[in-house]
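Student: Sending over a structure as structure tokens; questions will come in a sec.
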Amino acid sequence: MTLKKEIVDLLKDKKNLLGFSYQTDSTALFYTLLKNDVPFDIAMVDYGVREESKEEIKAGKKLCKKHNKKFFSKEAEKIEKNFEANARKIRYDFFEEIIKEKNYDNLLTAHQLNDKLEWFFMQFGKGAGICELKGLDLISEKKSYKIIRPFLTFSKEEIENFLKENNFHYFVDHTNQDEKYKRNFIRSNFANDFIKQYKDGVLKSFEYIQKDCDYILKEYNYKKIKDLYILKEREELISIKEIELTIKKMGYILSKPQKDEILKTKDCVIGGEIAISFHNQKIFINPFIENLTMDKKFKERCRVLKIPSKLRKYIYKEKINPQELIEVPL
């Protein structure tokens, strides 16, 4: 597998952490990074739902020792519900913990073109705008590091052929074939066969979608104070796209009914987690806090300044000056 030169150049001389599972995609990326002389270490999570997971962790540790890579692993507590979403949170929280502690520059994941198309179909089926349909980006900027997906233009079939041709060992997670999970259903019934027949067209379509999204959001800008985002209110079509993109940075994807609610009320809470308030040509997006007692002086100051009610407890908790929100330039 040959990585794009700009990706290799971006990763060379940097501290890179590879999110690893020892299954097809991450195993292929492991050996591709070796081939391209890209420095990296690996991190694995054991969710404890399969007997093979302990063997995979041991094998991953052995592989790292063989190639002189640092190895990090975590044994997750049992996930009682919403497995996919909670597993993802556990995984990325663990990666971020390592990145912050060890000062890594980049997190590498082995997402590939089939993953991107699966996401497209999932969002298309729920009702989504262009910025959600474009899905995964080659590079995503986080607060203190980048997420880089070097395989995003490679298909699953290409990756599997690379492993077979080189006789590289990897594990197979049979739960990925369980169609009770929506992503697996879409993968088995739509995405894989579609990519095999129309890979070039899919790549070109995603390029066009990216360009269209970039054009719509060409003036996208925000101010961030801790976990509070402040946007300039624009016409509804542009504002809702910018809100979608901002909320995606917070790890949440809006549904069509939620987008309608935002535009209708301009003052709501999404999923019990994220508050959105329109005020004085600004849009405030912040983690929603419900149970917190504010002192009377602060409450009165917010009332006088007309700070949106769903924003007040967050700025009180984070000790953000209400006047700063009124004066912040956009």
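Each reported figure results from applying straightforward, stated rules to the coordinates on display, with no laboratory input. All values reported here derive from a predicted model rather than from experimental measurement. Note: ideal-geometry Cβ built from the backbone for every residue, glycine included; neighbour counts use all protein chains shown.
Student: Suppose every Lys and Arg Cβ carries +1 and every Asp and Glu Cβ carries -1, with no other charges. What dipole size does the chain come out with about its Cα centre, to the nearest 20 debye? Each step should come with its number before you reach the end.
Tutor: Numbers: 65 positive and 54 negative charges, 214 e Å.
Here the size comes out at about 1020 debye.
Student: Of the cross-linked pairs Lys14/Lys156; Lys15/Lys226; Lys35/Lys70; Lys116/Lys211; Lys15/Lys143; Lys14/Lys164, which ones have a Cα-Cα span greater than 22 Å in the structure shown? Walk me through the intermediate numbers first.
Tutor: Details: Lys14/Lys156 27 Å; Lys15/Lys226 26 Å; Lys35/Lys70 18 Å; Lys116/Lys211 16 Å; Lys15/Lys143 16 Å; Lys14/Lys164 30 Å.
Beyond 22 Å: Lys14/Lys156; Lys15/Lys226; Lys14/Lys164.
Student: How much length would be gained if the chain were fully extended between Phe168 and Lys256, taking 0.36 nm per residue of separation minus their Cα-Cα distance, in nm to one decimal? Please list the in-between numbers first.
Tutor: Values: separation 88, 0.36 × 88 = 31.68 nm, distance 4.35 nm.
Result for the pair: 27.3 nm of gain on full extension.
Student: Straight-line reach from Lys204: which aspartates and glutamates fall under 15 Å, measuring Cα to Cα and dropping same-chain residues less than 8 apart?
Tutor: Asp137, Asp212
Student: Based on DSSP, what percent of beta bridges with both residues in the chain are antiparallel, to the nearest 5?
Tutor: On the way: 21 of 35 bridges.
DSSP beta bridges in the chain are roughly 60 percent antiparallel.
Student: List the trypsin sites (Lys or Arg not before Pro) in segment 111-140 that DSSP assigns to loop (not H, G, I, E or B) and whose Cβ has at most 12 other Cβ atoms within 10 Å. Which are they?
Tutor: Numbers: sites: Lys116, Lys126, Lys134; in loops: Lys134.
Sites meeting the loop and neighbour criteria: none at all.
Student: Place +1 on the Cβ of every Lys and Arg and -1 on the Cβ of every Asp and Glu in the chain, take the dipole about the Cα centre, and give the residue among Ile159, Cys64, Leu292 whose Cα lies farthest towards its positive end.
Tutor: So the residue we want is Leu292.
Student: At a threshold of 8 angstrom on Cα-Cα distance, excluding pairs fewer than six apart, so keeping six or more, what relative contact order does the chain reach in percent? Write out the running numbers ahead of the final one.
Tutor: Working: 419 pairs, mean separation 44.5, N = 330.
Once divided by the residue count of the chain, the mean separation gives 13 percent.
Student: Let me ask something else about it. Which ³J(HN,Hα) values in Hz, rounded to whole numbers, follow from the phi angles of segment 119-129 under the Karplus curve 6.51 cos²θ - 1.76 cosθ + 1.60, where θ = phi - 60° and Gly and Pro get x?
Tutor: 4, 4, 5, 4, 6, 4, x, 8, x, 9, x
Student: Ile90 to Glu75: extension gain in nm, 0.36 nm per residue of separation minus the Cα-Cα distance? List each step's numbers first, then the result.
Tutor: On the way: separation 15, 0.36 × 15 = 5.40 nm, distance 1.00 nm.
The span from Ile90 to Glu75 would gain 4.4 nm if fully extended.
Student: What residues have an amide H closer than 5 Å to that of Leu18, excluding those fewer than 5 places away on the same chain, when H is modeled at 1.01 Å from N in the peptide plane?
Tutor: So Leu18 has HN proximity to Asp41, Ile42, Ala43, Leu108.
Student: Work out from phi, with θ = phi - 60° and the Karplus expression 6.51 cos²θ - 1.76 cosθ + 1.60, the ³J(HN,Hα) of each residue of segment 93-107, listed in order in whole Hz, and give x for Gly and Pro.
Tutor: 4, 5, 4, 5, 4, 5, 4, 5, 5, 9, 6, 7, 8, 9, 9
Student: Taking Cα pairs under 8 Å and at least six residues apart, what relative contact order does segment 222-327 come out at, in percent?
Tutor: RCO, segment 222-327: 23 percent.
Student: Can you give me the Cα centroid spacing of segment 227-264 and segment 145-170 in angstrom?
Tutor: Between the Cα centres of segment 227-264 and segment 145-170 lies a distance of 34 Å.
Student: While we're on this one: Pull up the cross-link candidates among the lysines for Lys266, meaning alpha carbon to alpha carbon under 17 Å and not fewer than 8 places away within one chain.
Tutor: Lys232, Lys241, Lys256, Lys282, Lys306, Lys310
Student: Just from its helices, what would the mean residue ellipticity at 222 nm be for the chain, if runs of 4 or more DSSP H residues each count -39500 (n - 2.57) and the sum is divided by every residue, rounded to the nearest 500 deg cm²/dmol?
Tutor: On the way: 14 runs with 162 residues, N = 330.
Helices in the chain give a 222 nm mean residue ellipticity of -15000 deg cm²/dmol.
Student: Here is a follow-up. Rank these for me by crowding, Ser255, Ser239, going from fewest to most other beta carbons within 10 Å. Mind showing how you got there, number by number?
Tutor: Details: Ser255 15, Ser239 18.
Lowest count first: Ser255, Ser239.
Student: For segment 116-181, run through the GluC sites (Glu not before Pro) and keep only the ones in DSSP coil with at most 16 other Cβ atoms within 10 Å of their Cβ.
Tutor: Working: sites: Glu118, Glu132, Glu141, Glu157, Glu158, Glu160, Glu165, Glu179; in loops: Glu179.
Passing sites in segment 116-181 are Glu179.
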